[in-house]
Amino acid sequence: MPDPLGAAMVTVVIVNWNGGDEIVECVGSFHDAPPSVPWEIVVVDNASTDGSPALIRAAFPDVRIIANTTNRGLAAANNQGMASSAAPFILISNPDIIYKPGAVDALLDLMARRTRAAFAVARLMRPSGVLQTSAGDLPTLGEALLGRAWQRRRNTSRGFWWDDWAHDEERVIGHGMEACFLVRREAIRDIGMQDERFPLDWEGIDWSASAAAAGWEVWFCPEGEVVHIGGVTLRQAQLRWVIRSHQGMYRYFAKRRPVLWRPLLALAVGTRGLVKAAAVATGRWSYRQGEPSAGTG
């Protein structure tokens, strides 16, 4: 049940930007399928204009809402939600997740057994019942720039996204789709919160890389299955998402390359971004055709 005394075991952090009916459905599904431990929900609203915060307040008075006057970006808003909580576990959730009974308890159970797990990533299903690829290895620069065609050149792993995996095994992964995952507070104290210089996309991959560098692990949890509608926020501003995503891609690799690489890296990533932006502007590419994105859904 919701915990009114501030002793929640799990804090659910949902960042909202014009989530409309979808975020109301998301919060409602969590209320209908809650974990067996005390919990709370925090919605960080990034200056929505669709009235969704009022809808949430009216339907769920137990939900805490942090209202930003500007859109601070995904990483900064996630950090606001995490900083507002003292719970030992944080559930980062997209506003378009539909929770199933037992899903959050399965993520908590994995954390209890895998003591070096910083993150436990949920199994994502589309409303149609189709599995969504949501796990992979940390990306190489070639995979990021050239996509799945380059991924096939990797000999030691399945690559950036494991399209050929049934997502039916509990195992360590490099990174996971950030639509729904459980975070251990102890790991946050060690590696810090998300890098707010990532405005949208790649912040989750960067966080996973930081966790791995500090000796933590990212685990996939097949029993933690939820429904992911997908792209509720991204479809509202696809061109902006493409630009911000490529900014995140550049920052991710720039953090991990010598400074002398940065002009060439900027040229390569910028060229890719321009090609993708032109495809979006002319209707030749959309979120659904290109999913999954790097680190968000």
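In table form, for the structure just shown:
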read-out: Region 20-30: number of residues that are within 15 Å of residue 63 (Cα to Cα) and either without any contact (Cβ under 8 Å) to a residue 12 or more places away in the chain or in contact with a Ser or Thr (Cβ under 6 Å, 6 or more places away or on another chain) (or both); value: 1
read-out: Test: residue 12 is of a type in the set (A, V, I, L, M), under 19 Å from residue 102 (Cβ atoms) and either part of a strand (DSSP E or B) or touching a residue at least 24 places away in the same chain (Cβ under 8 Å) (or both); value: yes
read-out: Residue among 68, 18 that is surrounded by fewer than 23 Cβ atoms within 10 Å (Cβ to Cβ) and on the phi > 0 side of the Ramachandran plot; value: 18
read-out: Qualifying residue in region 58-70 (condition: closer than 15 Å to residue 188 by Cβ and among the polar types (S, T, N, Q)); value: no
read-out: Criterion (modelled with pLDDT of 95 or more and among the basic types (Lys, Arg)) met by exactly one of 123, 154; value: 123
read-out: Restricting region 47-62 to residues that are in contact with a helix residue (DSSP H, G or I) (Cβ under 7 Å, 6 or more places away or on another chain) and not in a helix (DSSP H, G or I), the residue that is nearest to residue 31 (Cα to Cα); value: 60
read-out: Residue in region 97-113 that is under 19 Å from residue 46 (Cβ atoms), in the same structural domain as residue 188 (by TED's automatic domain parsing) and in contact (Cβ under 8 Å) with a residue 60 or more places away in the chain present; value: yes
read-out: Residues of region 32-54 that turn out to be buried (at least 17 other Cβ atoms within 10 Å of the Cβ) and of a type outside the set (S, T, N, Q), as a count; value: 11
read-out: Single match in 29, 36, 48 (criterion: in the same structural domain as residue 186 (by TED's automatic domain parsing) and more than 21 Å from the chain's Cα centre (by Cα)); value: 36
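For every residue, the table says whether it meets (1) among the acidic types (Asp, Glu); (2) part of a helix (DSSP H, G or I); (3) at pLDDT 90 or above.
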{"position": "244", "(1), (2), (3)": "no, yes, no"}
{"position": "247", "(1), (2), (3)": "no, yes, yes"}
{"position": "251", "(1), (2), (3)": "no, yes, yes"}
{"position": "262", "(1), (2), (3)": "no, yes, yes"}
{"position": "278", "(1), (2), (3)": "no, yes, no"}
{"position": "284", "(1), (2), (3)": "no, no, no"}
{"position": "293", "(1), (2), (3)": "no, no, no"}
{"position": "297", "(1), (2), (3)": "no, no, no"}
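Table: residues versus (1) on the phi > 0 side of the Ramachandran plot; (2) modelled with pLDDT of 90 or more.
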position	(1), (2)
184	no, yes
202	yes, yes
209	no, yes
235	no, no
258	no, yes
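The values are calculated or read from the model by the stated rules, or taken from the named source; none is laboratory data. Since the structure is predicted, the reported quantities are computational estimates derived from the model, not experimental observations. As a convention, Cβ positions derive from the backbone with ideal geometry for all residues, glycine included, and neighbour counts pool all protein chains shown.
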